[in-house]
1. Scanning region 149-170 for residues that are open to solvent by 60 Å² or more (accessible area, probe 1.4 Å) and of a type in the set (D, E, K, R), which turns out nearest to LEU125 (Cα to Cα)?
2. With respect to TYR120, determine if the residue is more than 16 Å from CYS36 (Cα to Cα) and touching a residue at least 24 places away in the same chain (Cβ under 8 Å).
3. Among the residues of region 61-76, how many are surrounded by fewer than 24 Cβ atoms within 10 Å (Cβ to Cβ) and in contact (Cβ under 8 Å) with a residue 60 or more places away in the chain?
4. Filter region 127-148 down to residues that are open to solvent by less than 40 Å² (accessible area, probe 1.4 Å) and of a type outside the set (Ser, Thr, Tyr) and give me whichever is farthest from CYS36 (Cα to Cα).
5. What are the residues in region 109-126 that are open to solvent by less than 70 Å² (accessible area, probe 1.4 Å) and outside any strand (DSSP E or B), if any?
Amino acid sequence: MRTLRRSTSAAVIVATLAGTAALATAAPASAASYHCTTSSYTVDDPSYTGPDSDNWDFDVTLCAKRSGGYIYTTAKVVWDGPYAANQHSSYTFNKARFHLQTKKSTAGADPVVKYADYTYLEHALEHSSGNGNGSYETGTLKTKAAGRYQYLADGYIELDWSGDGAGYRKPLLFNASPRV
């Protein structure tokens with residue numbers, strides 16, 4: 001009888017653990033996922049005249065999701081900067097920012113309903129890896145969804161290069177996220 005009780009106890013414990021593991025790994029049925037678009041832009045450093053390549057290749061992923069009556073938008077910037085820029089990284093930019101927008105999808109131009117400027121992008125760019133590479137993620141904008149309208153994430157990078165005296169140059173534009 002002793003063996004039967006031990007086997008029964010072990011079976012109950014295993015069944016309980018299996019049920020707990022199944023609950024822990026199951027995703028909630030109402031969890032929304034982000035809908036994203038990635039696009040690229042290559043820009044030349046206008047203040048650098050050295051012999052090495054001075055292009056910055058940016059990939060930006062813009063994402064939006066609808067959940068619980070709200071719209072959430074976010075962005076991730078990944079870059080492959082010039083190796084030479086890393087040697088003088090603190091002299092590359094006066095300023096740099098990512099401008100994230102939540103837009104309501106309408107006929108014609110989509111109006112911006114919320115936006116934020118993420119100026120920490122400058123720090124991230126100027127502290128790239130030894131090869132000039134890096135990434136940066138913005139915060140998340142949360143906006144109350146209005147009725148049946150669809151929304152999307154949009155955004156751009158603005159760079160103020162050191163040494164050129166021009167301030168922010170024209171924005172680097174990227175493709176907006178799918179509508180949610």
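The values are calculated or read from the model by the stated rules, or taken from the named source; none is laboratory data. Keep in mind it's a predicted model, so treat the numbers as computed, not measured. Neighbour counts run over all protein chains shown; Cβ positions are idealised from the backbone, glycine included. The protein model used for the area step is the full one, side chains on, heavy atoms only, and it has no ligands, DNA or RNA in it. Shrake-Rupley method; radii C 1.70, N 1.55, O 1.52, S 1.80 Å.
1. Residue satisfying both the conditions and the ranking: ARG169.
2. No, not satisfied.
3. Going through region 61-76 one residue at a time, the tally reaches 8.
4. At the first step, the residues of region 127-148 found to be open to solvent by less than 40 Å² (accessible area, probe 1.4 Å) are 128, 132, 134, 136, 138-139, 141, 143, 145.
When the remaining residues are screened for being of a type outside the set (Ser, Thr, Tyr), the result is 132, 134, 139, 141, 145.
Values: GLY132: 25, GLY134: 20, GLY139: 15, LEU141: 15, ALA145: 18 Å.
By that ranking, first place goes to GLY132.
5. Scanning region 109-126 gives ASP110, PRO111, LEU121, GLU122, ALA124, LEU125, GLU126.
So that you can scan it fast, the table gives a plain yes or no per residue for (1) in a strand (DSSP E or B); (2) over 18 Å from LEU100 (Cβ atoms); (3) of a type in the set (Phe, Trp, Tyr):
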site: SER135; (1), (2), (3): yes, no, no
site: TYR151; (1), (2), (3): yes, no, yes
site: GLU158; (1), (2), (3): yes, no, no
site: ALA176; (1), (2), (3): no, no, no
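Every residue, every condition in (1) within 21 Å of ALA166 (Cβ to Cβ); (2) at pLDDT below 95; (3) of a type in the set (Val, Ile, Thr), yes or no:
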| residue | (1), (2), (3) |
| --- | --- |
| CYS36 | no, no, no |
| THR49 | yes, yes, yes |
| LYS65 | no, no, no |
| VAL77 | no, no, yes |
